[in-house]
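The values are calculated or read from the model by the stated rules, or taken from the named source; none is laboratory data. Keep in mind it's a predicted model, so treat the numbers as computed, not measured. Backbone-built Cβ (ideal geometry, glycine too); neighbour counts: all protein chains shown.
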Amino acid sequence: MGESILETRRRLLRYLAASPLALPLAAALPAEDAITSVTDALNVFDFEEAARRALPPAHWGYLATGVDDDRTVRANREAFDRVQIRARHLIDVSRVDTATQVFGQPLAAPLFLCPVSSMRAFHPEGELAVARAAKAERTVVGLSTLTTSRVEEVIAARGEPVWFQLYPSNDAQVMRAIVKRAEAAGCQVLLLTVDMPLGPNRETQRRLAKTDARPCAACHDGTFAGYVRRKPMFDGLDLAKVEDNIELAMNWDYVKRLRALTSMKVVLKGVVTREDAALAVEHGMDAVYVSNHGGRSEESGRGALDSLPEVAETVAGRIPVLVDSGFRRGTDVFKALALGATAVGIGRPYVWGLAAFGEEGVAAVIRMLKAELVMAMQSCGTPRLRDIGRDRVKVAG
């Protein structure tokens, strides 16, 4: 049976939305195709349309943007098309077990929620709604340095420690204070972002901001202190020496000093090559995190899934390998697990759910991806996560 008119229209709208030249048009597309309830969603892409309708243009632009021509955003999705699944049959898949652990923390499935900044820009309950959904669905939250909710409140809402993502400020005292606060709150895992340059060229974000009639200066006054005044991790800190939330001089000595500062497990977020993976193991990192920031940090044109095999092969099981950027389907998760990932991070899709339906939307996205992973495991003859090996996929080219 051919696709319905509604499905054809959705596919066309997504094609238009993928073009940087069409973004102003995409932001103004009619909303009649957006779902009005989580029960209407067939897949996570349906939440995208609902989120686009719910958010003002500048906030949608911040969420949707990549760098320059958004090529790496598209590359993240295109990478999945180059990996084929080799299904096996006549295997008992009447019972499928997706449960796992990462750093001793039990997860209902090998999924976690990526750190995303400024959640209250997408929904009034922000990170707290995300944490409650994560609790209900038994997954873990990565909390951004630029959270708009207090870390202590997020942990209380989750009922367990969250992972804390660190943007390494150029002011050592500010960095130290943020790390110590996260640790004191109960965080046990620190995700050190190593892939964010100073001021990435996010043209899509800037283009859509120009179409937003609201006075953005009410929240952003052009200074770093103004930018973080609604970000509680910076409350009470002297920001006079802070130029940005990035330390361009960061190197392995910086990482060594950070490790000495905290008892939290330290994970390098943004490792995309075998060379850096080898150095991470050599320097005693607790895990590596394959990511290109969802295409938001640089314009390499290389999908995160393309980077995963060489990192996983270099690590060779000695430490966990996390991955994010572009994951939208349960089969995407399956492919990453087959290529060596320990767990997969979900970013934009759960924020779409948050923007459209709050806590209920976040939980629905998690459930949907887990259900699709279960179906992928059943159809491929892998009833347990440990059955998903490298032999279950073939990489084209």
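For the reader, a short list of remarks on this structure follows.
- Sub-9 Å Cβ pairs linking a first residue in the stretch 307-325 that is without any contact (Cβ under 8 Å) to a residue 24 or more places away in the chain and over 13 Å from Ala343 (Cβ atoms) to a second residue that is of a type outside the set (S, T, N, Q) and part of a helix (DSSP H, G or I), at least 6 apart or interchain, are Ala316/Val281, ordered by first then second residue.
- Those helices (runs of 4 or more DSSP H) of the stretch 243-344 in which 2 or more residues are within 15 Å of the chain's Cα centre (by Cα) and under 24 Å from Leu111 (Cβ atoms) occupy 304-315, 330-338.
- Residues satisfying the stated conditions in the stretch 257-306, i.e. at pLDDT 95 or above, polar (S, T, N, Q), farther than 17 Å from Phe327 by Cβ and touching a helix residue (DSSP H, G or I) at 6+ places or on another chain (Cβ under 6 Å): Thr262
- Strands (runs of 3 or more DSSP E) wholly inside the stretch 31-116 containing at least 1 residues that are out of contact with any Phe, Trp or Tyr (no Cβ under 8 Å at 6 or more places or on another chain) and among the aliphatic types (A, V, I, L, M): 83-85, 105-107, 111-113
- The residues of the stretch 360-382 that are surrounded by 19 or more Cβ atoms within 10 Å (Cβ to Cβ) and over 17 Å from the mean Cα position of the chain (by Cα), listed by number, are Glu372, Leu373, Ala376, Met377, Cys380, Thr382.
- Residues that are surrounded by 17 or more Cβ atoms within 10 Å (Cβ to Cβ) and within 16 Å of Leu308 (Cα to Cα) were ranked within the stretch 74-84; the one that is nearest to the chain's Cα centre (by Cα) is Asn76.
- Residue satisfying all of: in the stretch 274-300; more than 22 Å from Val102 (Cα to Cα) and out of contact with any Ser or Thr (no Cβ under 6 Å at 6 or more places or on another chain); surrounded by the fewest Cβ atoms within 10 Å (Cβ to Cβ) among these: Glu275
- Members of the stretch 312-329 found to be crowded, with 23+ Cβ neighbours inside 10 Å and touching an Asp or Glu at 6+ places or on another chain (Cβ under 8 Å), listed by number: Gly326
- Scope the stretch 128-143; condition free of Cβ contacts under 8 Å to residues at least 60 places away in the same chain, out of contact with any Asp or Glu (no Cβ under 8 Å at 6 or more places or on another chain) and buried (at least 24 other Cβ atoms within 10 Å of the Cβ); matching residues: Ala131
- Filter pass, Val116 being crowded, with 22+ Cβ neighbours inside 10 Å, closer than 27 Å to Ser263 by Cα and of a type in the set (A, V, I, L, M): yes
- In the stretch 145-152 there is no residue that is free of Cβ contacts under 8 Å to residues at least 40 places away in the same chain and under 15 Å from the mean Cα position of the chain (by Cα).
- Residue match in the stretch 376-389 (condition: basic (Lys, Arg), at pLDDT 95 or above, closer than 20 Å to Gln101 by Cβ and part of a strand (DSSP E or B)): yes
- For first residues located in the stretch 114-126 and of a type in the set (Val, Ile, Thr), partners that are outside any loop (DSSP other than H, G, I, E, B) and surrounded by 24 or more Cβ atoms within 10 Å (Cβ to Cβ) and lie 6+ apart or on another chain with Cβ distances below 6 Å form the pairs Val116/Val351.
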